[in-house]
1. Using a 10 Å cut-off on Cβ atoms, rank the peptides 438-446, 194-202 from the highest mean neighbour count down.
2. Determine the percent antiparallel among the DSSP beta bridges restricted to the chain, to the nearest 5.
3. Out of residues 5 or more away from M194 or on other chains, whose amide H comes under 5 Å of its own, with H placed 1.01 Å from N in the peptide plane?
4. Stokes-Einstein at 20 °C, 1.002 mPa s, Kirkwood radius from Cα pairs: D for region 1-105 in µm² s⁻¹?
5. Can you tell me the dipole magnitude for the chain around its Cα centre, using point charges on the Cβ only (Lys, Arg +1; Asp, Glu -1), in Debye to the nearest 20?
6. Could you list which residues have their amide H under 5 Å from that of N302, counting only those 5 or more apart in sequence or on another chain, with H placed in the peptide plane?
7. What's the extension gain from Q126 to I70 if we count 0.36 nm per residue and subtract their Cα-Cα distance?
8. Of K137/K225; K265/K452; K269/K370; K398/K452, which pairs sit farther than 20 Å apart, going by alpha carbon to alpha carbon?
Amino acid sequence: MFDKKLLEEVLGAAMASGADFAEIYAERTRNNSIRFIDGKIDRINDNFLSGVGIRAFSGTRTIYASTTDISREGLLRCARSVSDAMGEGNAQISVVLNPTSVVDNHPVRVNPCDAETKMKSDILKQACFAARDYDEKIVQVQGTLGGVDHSIMVANSEGLLVEDRHIRTRIVVGAVASDGGENQSGNCSPGRGMGLEMFELFNPTEIGTHAAKQALVNLSAGYCKAGQMPVAIENGFGGVIFHEACGHSLEATSVAVGMSEMCGKLGQKIANEKITAIDDGTIAGAWGSVNIDDEGNPTQRNVLIENGILKSYMIDRLGSRRMGMPMTGNSRRQGYTYEPTSRMTNTFIDNGPDKNEDIISSIEYGLYAKEMGGGSVNPLTGAFNFAVREGYMIRNGKICEPVRGASLIGTGSQILQDIDIVGQNLATGQGVCGSSSGSVPTDVGQPLIRVKNITVGGR
């Protein structure tokens, strides 16, 4: 993106007041989306974003600034503002960059941002019409097909100079069912770090049908009764429980400053021995995967919990300095205006030793959470609250009537102990995770699991 000599000059300027490390992050991103509503394509968006962020360190103190002026003068002005904010001084810093190539583990055949509009609109229409035509009670369907073409460059005072490009595709279909008195909704939203070839894996008709079926199930459902009970949580987006209730507590963002319930617990048993949890940014074509993180480090497979024992945290450069531990390839940010921090990539509970059919049959009376919705968590205490998007009561070991309005309430440390049966049908679901460095794509996942006892909110 930039001349190497210019980057070396800019890094030197950022360190002129005595910083011990400096970094340049450059971004060029294209976002493309098509929206369907009320039976037709309603909107087409295509936009570009580019800019540069410059950061300097002095120990664990950081200064960050960003700019859209990518001329030599603009970059040096931004670097000097970082240096001035860092302190007084007039150091002469010489930086020599060594360009490094990146192996692309996520090749794309059909870039969604370059593909013809008709090709994309046909895919979206197929999904949305499938939802609309599924049942006469479906009264509204809305869908979006989006693509991102994201290129970055990272250069730092340790000599690193690396560039990468990552492309993602996602479709979101929402359906509303009505019986004339009330409305209920359903949703389906798969995504991948792939191009439009993603739809060789996900049939658009099945995506729309899934959203419609879920809306109809919720329309026919009664309200869930509140109480303490065992809960079976299905695979895929069910993994949002671990992501929110436990994953955030394992990020250096919280751990390094003593604001996590998992502080100081490395090597300790924190979960049932059937739980092995992993964050893996290397999975080919996965929604949360990247070749390098936003500090230029290769992503890796990090075993967070192994057979119930806490093995690792997720650590960025600042967290590494604060904790005295190596970086793990988990530094991420929404874009150049954000300073990076430790974040999850593809985070999941791995397959366990149990048979899936034994999970449902083991529950005399409880809840089957077929699909989870959103939620919230406090990383310091681990307290969480999650909505169940589609749920059913279990009676005498069998899945029975659908229920709505259910939520799961608890703490991360407790649910890790109370997950006592772990199945073998690992799958993932796609989300966008928000934190101090903005919103980033993340995969969540797990097989079917049983929580032996948890508070279920309802009526």
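1. 438-446, 194-202
2. Taking every DSSP beta bridge with both residues in the chain, the antiparallel ones total about 90 percent.
3. Those qualifying (amide H under 5 Å, at least 5 residues apart or on another chain) are T169.
4. 136
5. Roughly 520 debye, rounded to the nearest 20.
6. D279, D280, G281
7. Answer, rounded to one decimal: 15.9 nm.
8. Beyond 20 Å between Cα atoms: K137/K225; K265/K452; K269/K370.
Just so you know, all these numbers are worked out from the coordinates, no wet-lab data involved. This one's a predicted model, so the numbers in the text were calculated from it and none came from an experiment. Cβ: placed from backbone, ideal geometry, glycine included. Neighbour counts: every protein chain shown.
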